[in-house]
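Here the structure is laid out as structure tokens; the discussion comes afterwards.
The values are calculated or read from the model by the stated rules, or taken from the named source; none is laboratory data. It should be emphasised that the depicted structure is a prediction, and the values quoted were computed from it without experimental measurement. We place every Cβ from the backbone using ideal geometry, glycine too, and count neighbours over all the protein chains shown. For accessibility, only protein heavy atoms count, side chains too; no ligands or nucleic acids. Shrake-Rupley method; radii C 1.70, N 1.55, O 1.52, S 1.80 Å.
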Amino acid sequence: MRSILVVTSSFLPLVTAQAKARRADPRLVVVDHPIGGLSPAEFAGRSDAAYAGVVAELRSMGELAP
């Protein structure tokens with residue numbers, strides 16, 4: 001099964017360790033930390049980055065047309 005995980009930079013080491021322990025190889029989209037406590041404009045920037053990363057991963061997986 002293929003998966004794409006969106007993770008903040010602070011949690012990247014934990015996600016990487018868990019994936020390795022579970023012998024998983026998820027595609028990762030990393031966004032700046034934190035997500036909570038942001039202004040609407042800051043949150044929009046984070047969500048735009050996450051969306052762009054997911055779209056790029058889907059394209060690289062052949063799930064979306066270029």
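When residues in the range 7-66 are screened for being over 15 Å from the mean Cα position of the chain (by Cα) and of a type in the set (Ser, Thr, Tyr), 1 of them pass. Residues in the range 38-66 that are surrounded by 13 or more Cβ atoms within 10 Å (Cβ to Cβ), more than 17 Å from residue 11 (Cα to Cα) and in contact with a Leu (Cβ under 8 Å, 6 or more places away or on another chain): 55, 58. Would you check which residues across the range 38-57 are touching a strand residue (DSSP E or B) at 6+ places or on another chain (Cβ under 7 Å) and of a type outside the set (A, V, I, L, M) and list them? Those that are touching a strand residue (DSSP E or B) at 6+ places or on another chain (Cβ under 7 Å) and of a type outside the set (A, V, I, L, M): 46, 53, 57.
Scanning the range 6-37 for residues that are touching a strand residue (DSSP E or B) at 6+ places or on another chain (Cβ under 9 Å), open to solvent by 60 Å² or more (accessible area, probe 1.4 Å) and part of a loop (DSSP other than H, G, I, E, B) yields 32, 33, 35.
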